[in-house]
Every structure is written in C-alpha cells, then in structure tokens.
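*Asks:* One structure is given below, represented as structure tokens, and several questions about it will come after.
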Amino acid sequence: MTALRHGKYPFILAFLLPPVGIYALYMLSPYVQAIYISLTRWSGLSATQTFIGFDNYVEMWNDDQLRTALRNNLILLVVVPVLTLFLGLFFASMLNVGGRRSGQAVTGVRGSSVYKVVYFFPQVLPHAITAIVFAYVFAPSNAGGILNNLLEAVGLGRLTQLWIGEPKYLVWIIVVVMTWGFVGFYVVLFSAAMQSIPRDIYEAALLDGSSRITTFRKVTLPLVWDTVQVGWVYMAIQAMDGFAFVHIMLGVNGGVQGAGDVLGVAIYRAAFAEYDFGYAAAIGVLLLLLTMTIVVLFMRVLRRERVELA
Amino acid sequence: MSSSIERTTSGMSSTRRTFLQRMAITGVAVGPGGAFLASCATSGGGDDEDDSEPEPQGDVSDDNPLGIPEDEPLEIYIFDGGFGDEYATDVHQPIFSEKWPDVEINHNAAVDIGGELQARFVAGDPPDFVNNSGDGQMDGAQLITDGQLYDLSDLFDAPSWDDPEVPVRDTLIPGTIEMGSRDGTPYVLNYAFTVFGLWYNKTLLDENGWTVPTTWQEMMDLCAEIKSAGIAPWVYQGVTAPRYMNWPLLTMAAKLAGPEILVPVDNLEEGAWGHEAIRESAAALRSLKENDYFLPGVEGMEFRDAQGLWARGEAVFCPSGSWLENEEADAIAEDETFELAMMPEPLLSEDAVMPLETVRATAGEPYIVPADAKNPRAAMEYMRAMLSVEGARGFSETVTSLTSVAAANEEVEISAPGLASAQEALNAAGENVINWLYPTWYPTMENPGIDQATGALLRADITVDEWVQQCEAVAKEIREDDSVVKQTREA
C-alpha cells in the first residue's frame, strides 16, 4: 500500500503525459499557431511570415464577400437545425409510435422498417457524392436537371428555374441539401430515444383518448427533449461548416456572384486560391470564436433546461 | 525583385518566438506540447541555411553551356492531368539521357502539384523541376514574389539544342519569355501554346449551307437563321466560367481599336475598361442574350455540361482555347460525322484597325525551377532538351497541342481537325497575335472579379455601363491592395 501510494504521482503522470502531450501537439498548438499566422502576411509558399498586427482583421471587417459568407452561415445555423430536427422528430415518431394497428397499442406506421432504411440512406453517402448528385438535381432541364424535368413532367413547367444560376436561391439550395443529408441520422437518433420510452405511458394516453398529435406533444416530445437538445448542438456545429456542399456544388467562389459563400469556403479560397494564409487564418479564428460561442450558449441552455425523467 | 518583399531575418524569427513565449505566459493553454511549437509551421523553414550550400556545378563548355554537374541526380515533377506524363518519360527524358547518361532522373507524376509540393517549398527542400499546372497549381506570381523561383535567364541565353549558333531565346514564339517574366527576369517556361477563338460545329454549318461570319452583323444574321432552324447559336461556360467570354470580348475590342487598348487594362489604369471599343464589344455579346441566342439554361450549367451539349450538336459557337478538342474528346467521339473548327472572332466594324485574322494566342503550361533546388543547372538543361525541335514535336504528337517552339510547329503534322484549324489560324494571323496579361499577373482579378461581372452581363442582369463600373471596381481593388506586387508593360 505504502509503496503504491509512494509511486502514485509518477504512475499517474506516466499514463497522463503521452495523451495530453499528443493532444497539445496536434490540437492546441495548431490553434495557437493559427492565431499567430492570422497576425501575419504569409503566402504559405515560403518560410517568410511578416508580422502585420491586426491588419487581417481590419480587412475582414471591410470584406463584403465575407459578410455574405457570414450571413449564409447564420441562415444555415438557424434554418437547417430547425428543419432537420422537425423532420427528424416527425419521421421518428411516425416510425415508432405513429401507427394505429389493431392488436398493438404502440407501433410505427405501415412499412416503417422500409422507411427506416430509406431515411438512413443519405447518411451513408459521403457529402461529396450528395453534392454532386444535387448539382444535377438543380441543373437546367437540358443538362439533365432532375427537379426541372420533374416539374415539367407533372405540368408545373412554369415553376422551373435556373436554380444554381440564380444568386437568390443558392443558400436555400444548400439548406435543402444539408437537411436531406443530415435528417436520416436524427431519425435514427430520435428513434433510439423513443424506443426507450415506457410503453405503458403511451397505453395510458391512448386509454384517455389522446390523438396522435396530442400524444406527440404531451408524451413523446418531453421525454426525448434531452436527445433533441444534443442533436441541436451537433446540428449547429455542422451548419457552421457546409464546406463540402458549397465547394462541390457551387465552386470555390461560392457560386454566381458569390451568393452561396460560407466561411469554410472563404478560408479555403483565401488559402489556396489567393495564397493569403494570414487572411485565411484570420477567418479561421473568426470561425473558431463563432463555433465556441454557439457551443457555450447551447451548453448553458442545455444545463438550465435539463428535465428529470422517469 | 521588388523592394517591398521582406525576407526572413533573424530579428523576424525572434519576434515570433518571443510572441509564442508571451502567449504561453499570458495564460493560453499551451500545456506540455509547448516545447513542440518551435518545430511547427510557424517556426521558419529552410531559408536560414540555403545560402550556405552552393549548388553543384560542372564546367561550362560548348558541350555543356549551362555547366551542369555530370553525375548529380535530377528530381522532376510532372502534372499528371490533361497531358498525362508520357510525353516526359517517352519523349523528353530519352533525349536528355542520351546526352547525359550519368544524370539519374528521378521522375514523379502528381495530380495535385500544390498538395504534394507546397510543404516542400516552405521547408526549403523542393524538387529540381516542376510542371506547376492543374487545379492544384501553386500561384506562380506569388512564388516569384516570395523569391521561390530560379532565374532562367541563362537558359534562354544558352545556345539551342539543335543549333549552337542560335540561342534558345530566338527559337521561341515571340511573347513566350515575357509571359513568364517579371521586371524583365524570366522565371517560368511556358511550353505549350494555346490559340483562342470561337469553336464552331463545322458539320452543322456545312449541312445547312451557312458560311463562317466575318463581321458581327453577319454573326447576328447567321444566329437568327440558326435559331429559326431550332438550334441554339451560342454556348458559354455557364456558372463555372463566364470569364471565357472575356476572351472574344477583349479580342474583338482589340481588333476594333488596336492592341494598345489592352495595355492600360493590364496596367490597371483607371478607366481602361471604359474604352469605347470594349463597351461596344460588351454590348455585342450582351445582345446575344437580348436576342435569346444562348443555349436555353446555359446560365445555370456546369461548363462541361454546356460544352458537352455543344459537342453533341445542340449549339454552334463556343468560345474556348485549343484544349477544347482534348477536353471534349469523349463527346466528340460519340458522333463520327461531327467536325469542329476554330474561327477568329468576327470584326465589330468594317473599319476595324486590325485584320479579321488576328487571334489571341499565348504560351501556357508553366514549368519552373525552384530557387532552392539542389540541381537547378540540370533542370535548366532538361528544359533546353524540351525546347529542342525533336522534343517539342514529340510533345505535340503525344498530347495534341502546339508548343512555344516556332520551328516545331511548322514541321509537325497535326491529325486532330480542331487543332489543325487553330494552327492554320495562327499561321494566317502572322504578326497579328495579341494577348493580355492581367489574368496571369493578378489571378483573383480575373476570377472571381471580372468573371462575376461578365456572368451578370451575359445574363443581362446588368447594363454595359454597370459592367464597366464593376470591372473598374475590381481593377481598383487590385490597384489599391498593397500586398499585391504590381507589374506594367509598355506595349
């Protein structure tokens, strides 16, 4: 006993140092270096970095294109989680508790096992493939545009648009594609949460003559609320990214007039198209601050609203 | 080198280390990893030691004009893209090795040149010879600014491979060296030669008895006829690259008012884009949209889709460079009767200053020798071998492209009909070859800058006046950006 207590700290240190060292080397030091790089002018092609203080941040303040990117990120941040979580909850509840079949009190709608696979399918596609597929969904009809051809086929030809050619639609196209890509994961996540809700609660609600909507509002939603909040944090962080979708569907300039730009693409463009690594690092620091703010805000809200569940 | 370039000094790196120390002290959680910081991206690279190692050099003689060491290895990187890398292994390297059997060539091919080599440039340990091309190419202008490229003057002054009486300089098409120079010092060898123009569907023209228009009025009349036949007259590169339309735009303007109107554009002079000829040319191209002469939906298409539809007979005219035939080879091969040809842009007016045959043509496909290369003399000797008539002709035959070597283009037999027509157009142009340099000097001015303005013009979202204002604003932004090294030309 004494011997172990005597050697406790070296023992703990021996196990703690390597992981902390690796974490510091590969996680913390790049952050610190990025902050330093953001205060320099550096092409990324030579070893020469010129210290310029906060010039990159001043430039950022005056950069209209960056404002567009920031605005788009905020739109994604608000709209994509709301849409995704709403759809995810709706689908999950239909799959798990939405059905009404004789003999079983609580069940999914007919064919729910098929839907489960279908909803999860986008989740196993890499973002790159999703983006390429959707570039063709929104292409003009003579270039194989699926959406426009579909509209024409059902007699809604006057609704066809040059989706990717119209600046005003670009960010909404990204919203749709991101939602499509993410919703499957949340269906699975919420399904798991709903499976763990005791059946007798549903049976009791049913006996009281509760409708499907009321059951959802008064029973399902409160009991999976914790999972929804976790999902919200994940979703918010993913919405701050959007790089792969925008870069592949709209190109490195963020599409026509740069209207579909996001911060991730702005960083890439500054670094690898303009060879201005200092500016790219400055946008990176902005993104870091935004993401951290969002996470802290959500953690606060999460902690305050935690509900004790049965 | 411009005086505004700052090099690493010991004072500089001490500031950096002091800064990091201060960061650590003032409570940024650096942790035990702090000690590693000095060895990472911000710690400075090979610049400190590179002057201490002199490059290996052999004796200069008639047989070895560049004085290359006869037994040092040569590491080369070729971009493995549209041209592949067989031209290097099967054509250039045998020529080089026949003369220098003891120089071992370490050949590498890469799709993403920047991705593979950027870190080596930063570390001061680049290869000897790089074909800096493709999507991942490193910004050539920035490499020059950073002092990362080797001065190629000795190469161009050396006697040519085929004739010791003629220096390399004189075997090249005029303008080739200037294309890769800054302030008179050559840093980049642009080896392939591209001819720009309007590419048209010759099969459709012949079938319908239409003739190639020589004036813009004829072009508009023909477009009306094409449209009434149910075919789209024009395509361009859609959402991806409306800037391809800048090429006919500036070429037609230069034909109308003379090549000197392009000089102020390159020199970023105020009002350069507002020249009457440029306005007239912009208005002409905008009228294609006003008259609905573009392929429907082209504004929302990816460029390969647009060009593919053109190659499949959905449209007649397409602006591009002589790589188009290679790029759309698959679509072209689908229909054996399809034949394409290149035409010079029509004249905006009968009293145009330059003849119809005027074309824009320029050397492209950059090859560089890094300043920190271990064996730069041998890399230049390799370039000299590439610039031999045999090397250049072999390149043309392997990859279907002209080269900057004038004599090789005259002798080479080109079987691809599109490139053959481009070669003919280039020969017909004679002295009337024009080019502009701002896209090379200031890549972000062309894209996204002018690109977005021209995209809006072609959608007829903006008027010609607004287009001029936007182009002027883009030029102003570059002009007033101190971090961009400016260049000018006289003529």
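Throughout, read-outs are computed from the coordinates displayed, never taken from laboratory work. Because the structure is predicted, anything quoted here is derived from the model rather than measured. Cβ sites come from the backbone with ideal geometry, for glycine too, and all protein chains shown count toward neighbours.
*Asks:* Counting other beta carbons within 10 Å of each Cβ, put B:His107, B:His92 in order, fewest first.
*Replies:* B:His107, B:His92
*Asks:* Could I ask something else about it? Gaussian network model of chain A, Cα springs within a sub-10 Å range: biggest mean-square fluctuation belongs to which of A:Ile213, A:Ile52, A:Ile146?
*Replies:* Largest GNM mean-square fluctuation: A:Ile213.
*Asks:* Determine the shape class of the range A:53-304: with a ≥ b ≥ c the square roots of the Cα gyration tensor eigenvalues, call it rounded for a/c under 1.5, and otherwise prolate if a/b is greater than b/c, oblate otherwise.
*Replies:* oblate
*Asks:* Within chain A, which DSSP H helices have Cα atoms that stretch 24 Å or more along the helix axis and a mean Kyte-Doolittle hydropathy of at least 0.0?
*Replies:* A:64-96, A:170-195, A:221-239, A:277-304
*Asks:* Quick one: if you stick a label point 7 Å off each Cα along the C-beta vector at A:Thr293 and A:Tyr136, how many nm between them?
*Replies:* Taking the simple label geometry, A:Thr293 and A:Tyr136 are separated by 4.1 nm.
*Asks:* Classify the range B:383-433 as rounded, prolate or oblate, taking a ≥ b ≥ c as the square roots of the eigenvalues of its Cα gyration tensor: rounded when a/c is under 1.5, otherwise prolate if a/b is larger than b/c and oblate if not.
*Replies:* Note, shape of the range B:383-433 comes out oblate.
*Asks:* How far is helix B:417-429 tilted off the main Cα axis of chain B, in degrees rounded to 10, range 0 to 90?
*Replies:* The angle comes out at about 90 degrees.
*Asks:* Taking only Cα atoms, what is the 0 to 90° angle, nearest 10, from helix B:246-257's long axis to the longest principal axis of chain B?
*Replies:* Taking Cα atoms only, the helix is inclined about 70 degrees.
*Asks:* Taking +1 at the Cβ of each Lys and Arg and -1 at the Cβ of each Asp and Glu, which of A:Thr48, A:Ser210, B:Phe83 sits farthest along the dipole of the protein assembly as shown towards its positive end, judged by Cα position relative to the Cα centre?
*Replies:* A:Ser210
*Asks:* Specify the residue with the greatest mean-square fluctuation among A:Leu156, A:Leu17, A:Leu170, computed from a Gaussian network of chain A linking alpha-carbon atoms under 10 Å apart.
*Replies:* A:Leu17
*Asks:* Note down the magnitude of the dipole of the protein assembly as shown about its Cα centre, charges +1 on Lys and Arg C-beta and -1 on Asp and Glu C-beta and zero elsewhere, to the nearest 20 debye.
*Replies:* Computed charge dipole of the protein assembly as shown: roughly 7020 debye.
*Asks:* Also, I was wondering about something else. Quantify how strongly other chains surround peptide B:235-241 by giving the mean number of their Cβ atoms within 10 Å of each of its Cβ atoms.
*Replies:* Rounded to a whole number, the mean comes out at 3.
*Asks:* Given 0.36 nm per residue, what is the gain on full extension from A:Val20 to A:Arg67 after removing their alpha carbon distance, in nm?
*Replies:* Residue separation times 0.36 nm, minus the Cα-Cα distance, leaves 13.2 nm.
*Asks:* I've got another one for you. Take the Cβ-Cβ distance between A:Phe121 and A:Val82 as r, set R0 to 25 Å, and report the resulting FRET efficiency rounded to the nearest 0.05.
*Replies:* The computed FRET efficiency comes out at 0.65.
*Asks:* Still on this structure: Would you please give the FRET efficiency between A:Arg199 and A:Tyr234, computed as 1/(1 + (r/R0)^6) with r the Cβ-Cβ distance and R0 = 35 Å, to the nearest 0.05?
*Replies:* So the FRET efficiency works out to roughly 0.80.
*Asks:* Measure nothing but the geometry: give the 0 to 90° angle between the long axis through the Cα atoms of B:464-479 and the longest principal axis through the Cα atoms of chain B, rounded to 10°.
*Replies:* 10
*Asks:* Pop the C-beta distance of A:Lys168 and B:Asn108 into the FRET formula with R0 = 51 Å and round what comes out to the nearest 0.05.
*Replies:* In this case the efficiency is close to 0.65.
*Asks:* With a 10 Å Cβ neighbour count serving as the proxy for reagent exposure, in which order, fewest first, do B:Asp151, A:Asp208 appear?
*Replies:* Sorted ascending by nearby Cβ count, the order is A:Asp208, B:Asp151.
*Asks:* Does the range B:362-465 classify as rounded, prolate or oblate by the C-alpha gyration tensor (a ≥ b ≥ c root eigenvalues; a/c under 1.5 gives rounded; else a/b over b/c gives prolate, otherwise oblate)?
*Replies:* Oblate, since a/c reaches 1.5 and b/c is not below a/b.
*Asks:* Would you look at the GNM of chain A, springs on alpha carbons closer than 10 Å, and say which of A:Ala92, A:Ala192, A:Ala14 moves the most?
*Replies:* Most flexible of the set in this elastic network: A:Ala14.
*Asks:* Figure the gain on full extension for B:Glu424 and B:Ser228 (residue separation times 0.36 nm, minus the Cα-Cα span) and round it to one decimal in nm.
*Replies:* That works out to 67.4 nm of additional length.
*Asks:* About the Cα centre of the range B:110-170, how large is the charge dipole given +1 on each Lys and Arg Cβ and -1 on each Asp and Glu Cβ? Please answer in debye to the nearest 20.
*Replies:* For the range B:110-170, the charge dipole is close to 260 debye.
*Asks:* Only four residue types carry charge here, +1 at the Cβ of Lys and Arg and -1 at the Cβ of Asp and Glu. Report the dipole size of chain A about the Cα centre in Debye, rounded to the nearest 20.
*Replies:* 1000
*Asks:* If you average the alpha carbon positions of the range A:162-228 and of the range B:370-424, how far apart do those two centres end up, in angstrom?
*Replies:* 62
*Asks:* Quick check on the exposure proxy: order A:Asp55, B:Asp146, A:Asp64 from fewest to most C-beta atoms within 10 angstrom.
*Replies:* Ascending Cβ contact count within 10 Å gives the list A:Asp64, A:Asp55, B:Asp146.
*Asks:* Another question, if that's okay. Starting from 0 in steps of 20 Å, tell me what percent of the Cα-Cα pairs of the protein assembly as shown lands in each bin.
*Replies:* 13, 40, 33, 12, 2, 0
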